[in-house]
Amino acid sequence: MTTFTQGMDAADALIDQLQAFTVDPRYLPRFFDSFFGLRTALGSASDQFAAQHSGDDNDRPVYATVLDRCEQAKAIGNALTPSDAAVTRYAEAVQRTIAALGEQGGTSGKPVLRGTLRLRSKSAPSVRRGRRSTPEPEPYYASLVKLFPVEAVTLYPLAIGIAADDIVIRLILIAVITLFIIVLRWFGTQKERGGDADVAAIAVSVISFELYAASLGGFGYLSGGPEQTSQVLAFITIMWVALVPFVLHRARN
């Protein structure tokens, strides 16, 4: 019988594995954004799961689902080699873990999407191992994951495979993914009961994706070729992803 603590320990182990990939030189800079985005998304989902379920006295099937998803993703990570296909497979497994952490077991009647990506000045109380603390301002990494389009980072390697060497198809698919980001986050950045979307947050997410795509040669290459393009634009992307959400987060708190 799986307990809440076992599920959370498995999630923590998966977070640690993702963190290790971000400092492994084999995965930099090409896969840094993918792992960094997945790690922050998983950390946010894990904290939300803890806040919602740690007070439950009885075991729930959702704990077993979280444990299974975490173990599956961790096993794929243990065998991971630095290739686009392998990273995509691992990212899909981590996304399934995030989805499992967000599962409410049919007990919640709240909208699934609306408000989930909205930046907040206050977060729910932090709960871990049954301990509760007072509400605190939303942590920086929580704002970061809401601004970084991890859903687009997961889709883009698939788009590259579909387009192959056809630049026209690649640009069309980039435009489609960009539109997907705008639509998804238009609803996700509204308040739970509706209202205006957070246009600034949407713009940050779109620019983050465009920089990410450019660093992988999505719009062509600089004069120095693919290697220079990857290094220069990956540097710009990492600085943008880290600093712009921080500025926006501070301005709203």
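The values are calculated or read from the model by the stated rules, or taken from the named source; none is laboratory data. As the structure is a prediction and not an experimental result, all values here were calculated from the model. Don't worry about glycine lacking a Cβ; one is built from the backbone with ideal geometry, like all the others, and counts go over all protein chains shown. Note: accessible area is taken over every heavy atom of the protein model, side chains too, but ligands, DNA and RNA are not part of it. Shrake-Rupley method; radii C 1.70, N 1.55, O 1.52, S 1.80 Å.
Observations on the model:
- Selection count where residues are outside any helix (DSSP H, G or I) and either over 23 Å from ASN78 (Cα atoms) or of a type in the set (Lys, Arg) (or both), scope the stretch 3-50: 2
- The single residue among PHE219, PHE235 that is surrounded by 13 or more Cβ atoms within 10 Å (Cβ to Cβ), aromatic (Phe, Trp, Tyr) and either under 19 Å from THR40 (Cα atoms) or modelled with pLDDT of 80 or more (or both) turns out to be PHE219.
- Unmet criterion (only one of (1) open to solvent by 70 Å² or more (accessible area, probe 1.4 Å); (2) assigned to a helix (DSSP H, G or I)) for GLU210: (1)
- Selection count where residues are touching an Asp or Glu at 6+ places or on another chain (Cβ under 8 Å) and β-branched (Val, Ile, Thr), scope the stretch 1-50: 2
- Residues within the stretch 158-204 that are in contact (Cβ under 8 Å) with a residue 60 or more places away in the chain, open to solvent by 40 Å² or more (accessible area, probe 1.4 Å) and outside any loop (DSSP other than H, G, I, E, B), tallied: 5
- Residues of the stretch 213-228 satisfying the condition of being farther than 14 Å from LEU173 by Cα and part of a helix (DSSP H, G or I): SER215, PRO226, GLU227, GLN228
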